[in-house]
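What follows is a set of notes on a single structure, which appears directly below.
The values are calculated or read from the model by the stated rules, or taken from the named source; none is laboratory data. No experiment lies behind these values; they were computed from the predicted model shown. Positions of Cβ are generated from backbone atoms using ideal geometry, with glycine treated the same way; all protein chains shown enter the neighbour counts.
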Amino acid sequence: MQIVIIGNSAAGLSGLEAFRKKDQSSSITIVAEEGEIPYSKVLLPYYLLGKIPYTNLFTRDKDYYAQLNAKCITGKVVKLLPEQQAVLLESGTLLTYDKLLIATGSSPVKPPIPGLSGKGIYHLWTLTDVKNLSPYFKKGNRVVVLGSGFVSLQGAWAALSRGLDVSVIELMDRIMPRVLDDHAADLLAARMIKSGVDLRVNTFTREIERTGDGKLVLHFKDGNSLTSDFIIVGTGVRPNVEFTAGTGIRIDAGIIVDKQMETTLPGIYAAGDVAQVPSASGGDPVVHALWPTAIETGGIAGTCMALGKSHYGGSLNMNVTQMFDITVAAMGEFMDIEGSESWIDENLPEDQYLKIVLKGGVPIGAICAGGSELISTLGMLRPLIREKVRLQGKPGMLKSILAKNIAQHHQAFVK
């Protein structure tokens, strides 16, 4: 077989490695848009923070592909031609395949703000972004961060830690509107302000003006303005699916796949940020732009492409980060929904928070903010959510209940 994998980040590499475990002889070509040596997007903020050297961003060495008997080429796929079983590269090269894995990830989007382009305005998503941002990370510079998602706030934390003046602008009435609940968001916002961040919510950026000395002036709808040296844009991402236009592949929020990661076109698979995959909760398919989900779905796709048998149990959303001297994490369905109940750990100090959401006694999600030790509780809860284990007891016995269930369901815990 001739295998083509588009993308060499987490999902693509996981697919390659899983395929080779089942099939050592088929020809494999990886198309890498950003260069042949893979790197971790997750680590980019830590490089800007100064916690890791540049070389540690890379997750594989130059001999990696040769060791797996695969060929990697640098290029961009501009058209999928399923009737020819081929992909067309920007260079004009045509690559034919018997089976194809789309692992093209996602790209950041810019809101339609006049003036939001050009020198000094960057995302924090790629290695190129980090190279562009690095010269601006000088003590005394002011950065404005547009948006308050995990990546945006990690960039803000890195800048603050390096001695920059930091402003965070959020259009909604609180930070992280999609990834934290109200209470966790309030705790994080309080830590940000205490750390020295100029945090502005409910703020609409009307336009951006450039001054003669290279500064950027943000003009807001309320009549106020703010001058900065550079801007980091973190207002969301979208899957890279443009090259599939007109092919018949079904796309919703991402490329629709089944439990084997196969798309609506036979022989074509998708994994990672670009794919809309089954949810661990059993609800509607989801797009989770998460490193673990990319690795999991890439592995399922690679196994199935090699004629192995596997299926995906569903993506369980989990975001964890430590910034502004507080750890925040959210997993699964952590918002209160109809028919659910919430267990809140009442034994924690006022500046710490742990909530578990259950439906019919079965945990479906959790959220925490405070000390890093709270993450261990979410770790214990994760397999119970996946296995849909009913919790018996009272909220005040939370930790003992979890420990008891982990002991009883150890097999689920170690999966």
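Values as computed for the structure displayed
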{"item": "Pair list, Cβ under 7 Å, 6 or more apart: the range 126-144 residue closer than 30 Å to GLY35 by Cα, other residue among the basic types (Lys, Arg)", "result": "PHE137/ARG162"}
{"item": "Qualifying position, being surrounded by fewer than 21 Cβ atoms within 10 Å (Cβ to Cβ), of a type outside the set (S, T, N, Q) and modelled with pLDDT of 95 or more, among ILE295, ILE232, ILE255", "result": "ILE295"}
{"item": "Test: residue in the range 267-274 that is in contact with a Cys (Cβ under 9 Å, 6 or more places away or on another chain), surrounded by fewer than 20 Cβ atoms within 10 Å (Cβ to Cβ) and either more than 24 Å from GLY365 (Cα to Cα) or among the acidic types (Asp, Glu) (or both)", "result": "no"}
{"item": "Residues of the range 271-317 satisfying the condition of being aromatic (Phe, Trp, Tyr) and in a helix (DSSP H, G or I)", "result": "TRP291"}
{"item": "Sole residue being assigned by TED's automatic domain parsing to the domain that holds GLU83 and touching a residue at least 60 places away in the same chain (Cβ under 8 Å), chosen from VAL286, VAL274", "result": "VAL274"}
{"item": "Enumeration of residues in the range 323-359 that are surrounded by fewer than 18 Cβ atoms within 10 Å (Cβ to Cβ) and in contact with a Leu (Cβ under 8 Å, 6 or more places away or on another chain)", "result": "SER340, GLU341, SER342, ILE344, LEU348, ASP351, GLN352"}
{"item": "Residue check, GLU338 free of Cβ contacts under 8 Å to residues at least 24 places away in the same chain, of a type outside the set (Phe, Trp, Tyr) and closer than 28 Å to ASP186 by Cβ", "result": "yes"}
{"item": "Odd one out for LYS79, checked against (1) within 26 Å of ALA289 (Cβ to Cβ); (2) surrounded by 15 or more Cβ atoms within 10 Å (Cβ to Cβ); (3) not assigned by TED's automatic domain parsing to the domain that holds GLN260", "result": "(3)"}
{"item": "Among (1) under 24 Å from VAL274 (Cα atoms); (2) polar (S, T, N, Q); (3) outside any helix (DSSP H, G or I), the one test that SER14 misses", "result": "(3)"}
{"item": "Where VAL320 falls short, out of the listed (1) closer than 26 Å to SER25 by Cβ; (2) under 13 Å from the mean Cα position of the chain (by Cα)", "result": "(1)"}
{"item": "Residue that is farthest from the chain's Cα centre (by Cα), among those in the range 82-93 that are touching a residue at least 12 places away in the same chain (Cβ under 8 Å) and loosely packed, with under 15 Cβ neighbours inside 10 Å", "result": "GLN84"}
{"item": "Pairs where the first residue, in the range 301-322, is surrounded by fewer than 16 Cβ atoms within 10 Å (Cβ to Cβ) and the second is in a loop (DSSP other than H, G, I, E, B), C-beta under 8 Å, 6+ apart", "result": "LEU307/ASP23; HIS311/LYS259; HIS311/GLN260; GLY313/PRO278; GLY313/ALA280; GLN322/SER372"}
{"item": "Test result for GLY283, closer than 21 Å to TYR97 by Cα and surrounded by fewer than 17 Cβ atoms within 10 Å (Cβ to Cβ)", "result": "no"}
{"item": "HIS219 being part of a loop (DSSP other than H, G, I, E, B) and over 24 Å from PHE150 (Cα atoms)", "result": "no"}
{"item": "Enumeration of residues in the range 111-125 that are in contact with a Phe, Trp or Tyr (Cβ under 9 Å, 6 or more places away or on another chain) and among the polar types (S, T, N, Q)", "result": "none"}
{"item": "Pairs where the first residue, in the range 24-38, is at positive phi and without any contact (Cβ under 8 Å) to a residue 60 or more places away in the chain and the second is charged (D, E, K, R) and crowded, with 18+ Cβ neighbours inside 10 Å, C-beta under 9 Å, 6+ apart", "result": "none"}
{"item": "Candidate set from the range 305-334 (those that are farther than 23 Å from GLY283 by Cα and small (Gly, Ala, Ser)); member that is modelled with the highest pLDDT", "result": "ALA306"}
{"item": "Residue in the range 191-198 that is in contact with a Gly (Cβ under 9 Å, 6 or more places away or on another chain), of a type outside the set (Lys, Arg) and buried (at least 21 other Cβ atoms within 10 Å of the Cβ) present", "result": "no"}
